[in-house]
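First up is the structure itself, then whatever we jot down about it.
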Amino acid sequence: MGQESWGRRVWRLIYPGLTYFGVCFIVEAIAAVFIAMSTLPGYSPNNLNNQMEIINEMMNRTLSVALELQVLAAAISLPVLMLYYRMDRKADLKKGSVRRFASVPSWQYLLIVVLGVATCLAGNNLITASGLYNVSDTYDAISEIMYGGKLALEFIGLGVIIPIVEELIFRGLIYRRLREYLNIGPAAVLCSLIFAFYHGNLVQGVYAFCLGLLFIYTYERFHNMLAPILFHMAANLFSVAVSELGFLDNMYRSAGKFWGGTVISCLVLILMVYLIERHVHSEEIAVKDSENAAAGDSGETGQE
């Protein structure tokens, strides 16, 4: 990698995200055409008032299916991103830099699920207490779109498909490529900053930066992509459940319950990190070249 130009390095870091944004743009553009075709026949665009009505109607119809379009774009992008990830693994194999790690016991992944739930609750409560929600109109608009009452779509899209896509982009591709150029600390911070800016508003940016660091932490402890994906899924699924099912609404009705829930979730978060530090040991194992090649071709998640 010493001979690789800076332009090439930057391009390797940005094109996974550009691919996803490109698919989103195409999906939204096609949807806009169909929405326009279904909207225009109902209006006579001969005066300014009608033109404004047409524009407002088209915007409202587009916003009403924004979540569907995002989930569709993520589903379309997924096989392309998996191809990029597989290509990286094959490139590592050719360079002789493929590493393989021992699998950890299945029960240890439960620590990640609990960590995801605790991090979601603690992070959202701390941001609420900080007052950041009050300074970001963009966040309010996004929340209305994402949590619009389409429960099944939110659980499948926000809770499963989008976490897989985002983890492939940011941890599976961008972070792994940053590690070719930087040590763990700078690579983790830079990747998390990119992840924060990707969310496009202050509230989600702060939350995403902290989550991004924890995603990378679990990736480095478990040495596979399943760990941050499970973490991301657990956090998002819990967020959807809290927003749509309202089972924690009572906690937000009194300061005592709010701060009690916040302290408990922070303590659980710390406990999960402690247990991961204590019990999760994914040791690097030596493999023969032939076995290494087979693992590289299979795209095995236990491999670095």
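The values are calculated or read from the model by the stated rules, or taken from the named source; none is laboratory data. What you see is a predicted model; the values in this text were computed from it and never measured. As a convention, Cβ positions derive from the backbone with ideal geometry for all residues, glycine included, and neighbour counts pool all protein chains shown. Only protein heavy atoms, including side chains, enter the accessible area calculation; ligands, DNA and RNA are left aside. Shrake-Rupley method; radii C 1.70, N 1.55, O 1.52, S 1.80 Å.
Under 6 Å by Cβ, and 6 or more places apart or on different chains, what pairs join a residue from region 126-137 that is among the small types (Gly, Ala, Ser) with one that is surrounded by 15 or more Cβ atoms within 10 Å (Cβ to Cβ) and assigned to a loop (DSSP other than H, G, I, E, B)?
Hits for this filter: SER136/ASN201.
Of the residues that make up region 144-162, is at least one surrounded by 18 or more Cβ atoms within 10 Å (Cβ to Cβ), of a type in the set (A, V, I, L, M), over 23 Å from TYR217 (Cβ atoms) and modelled with pLDDT of 95 or more?
Yes, the conditions are met somewhere in region 144-162.
Restricting the search to region 99-123, which residues are open to solvent by 20 Å² or more (accessible area, probe 1.4 Å), touching a strand residue (DSSP E or B) at 6+ places or on another chain (Cβ under 8 Å) and not small (Gly, Ala, Ser)?
Within region 99-123, ARG99, ARG100 qualify.
Condition first: assigned to a helix (DSSP H, G or I), open to solvent by 50 Å² or more (accessible area, probe 1.4 Å) and either modelled with pLDDT of 95 or more or under 21 Å from LEU213 (Cα atoms) (or both). Can you find one or more residues in region 288-296 that meet it?
Scanning region 288-296 turns up no residue that is assigned to a helix (DSSP H, G or I), open to solvent by 50 Å² or more (accessible area, probe 1.4 Å) and either modelled with pLDDT of 95 or more or under 21 Å from LEU213 (Cα atoms) (or both).
Answer yes if at least one residue in region 73-84 is within 23 Å of SER243 (Cα to Cα) and touching a helix residue (DSSP H, G or I) at 6+ places or on another chain (Cβ under 7 Å), and no otherwise.
Within region 73-84 (the criterion being within 23 Å of SER243 (Cα to Cα) and touching a helix residue (DSSP H, G or I) at 6+ places or on another chain (Cβ under 7 Å)), the answer is yes, since at least one residue qualifies.
Would you pick out the residues in region 1-41 that are closer than 23 Å to MET59 by Cα and under 25 Å from the mean Cα position of the chain (by Cα)?
Those that are closer than 23 Å to MET59 by Cα and under 25 Å from the mean Cα position of the chain (by Cα): TYR20, PHE21, GLY22, VAL23, CYS24, PHE25, ILE26, VAL27, GLU28, ALA29, ILE30, ALA31.
Within region 84-105, take every residue that is of a type in the set (Ser, Thr, Tyr) and modelled with pLDDT under 95 and give me the one that is farthest from ILE276 (Cα to Cα).
SER97
Of all residues in region 124-143 being part of a helix (DSSP H, G or I), of a type outside the set (A, V, I, L, M, F, W, C) and surrounded by fewer than 17 Cβ atoms within 10 Å (Cβ to Cβ), which is nearest to the chain's Cα centre (by Cα)?
SER143
Scan (1) touching a residue at least 12 places away in the same chain (Cβ under 8 Å); (2) more than 22 Å from TYR175 (Cα to Cα) for the single condition PRO105 breaks and write down its number.
Checking PRO105 against (1) touching a residue at least 12 places away in the same chain (Cβ under 8 Å); (2) more than 22 Å from TYR175 (Cα to Cα), the one that fails is (1).
Tally time: how many residues in region 20-42 are at pLDDT 95 or above, β-branched (Val, Ile, Thr) and in contact with a helix residue (DSSP H, G or I) (Cβ under 6 Å, 6 or more places away or on another chain)?
Qualifying residue count for the region: 2.
So, in region 232-257, how many residues would count as being assigned to a helix (DSSP H, G or I), open to solvent by less than 50 Å² (accessible area, probe 1.4 Å) and more than 14 Å from GLY123 (Cβ to Cβ)?
Qualifying residue count, region 232-257: 4.
Considering each residue of region 167-205, count those that are farther than 15 Å from ILE216 by Cβ and open to solvent by less than 20 Å² (accessible area, probe 1.4 Å), and give that number.
Selection size over region 167-205: 3.
So, in region 1-32, exactly how many residues are open to solvent by less than 80 Å² (accessible area, probe 1.4 Å) and in a helix (DSSP H, G or I)?
18
Output yes when any residue across region 61-83 is touching a Lys or Arg at 6+ places or on another chain (Cβ under 9 Å), open to solvent by less than 20 Å² (accessible area, probe 1.4 Å), modelled with pLDDT under 95 and in a helix (DSSP H, G or I), and no when none is.
Yes, that holds for at least one residue.
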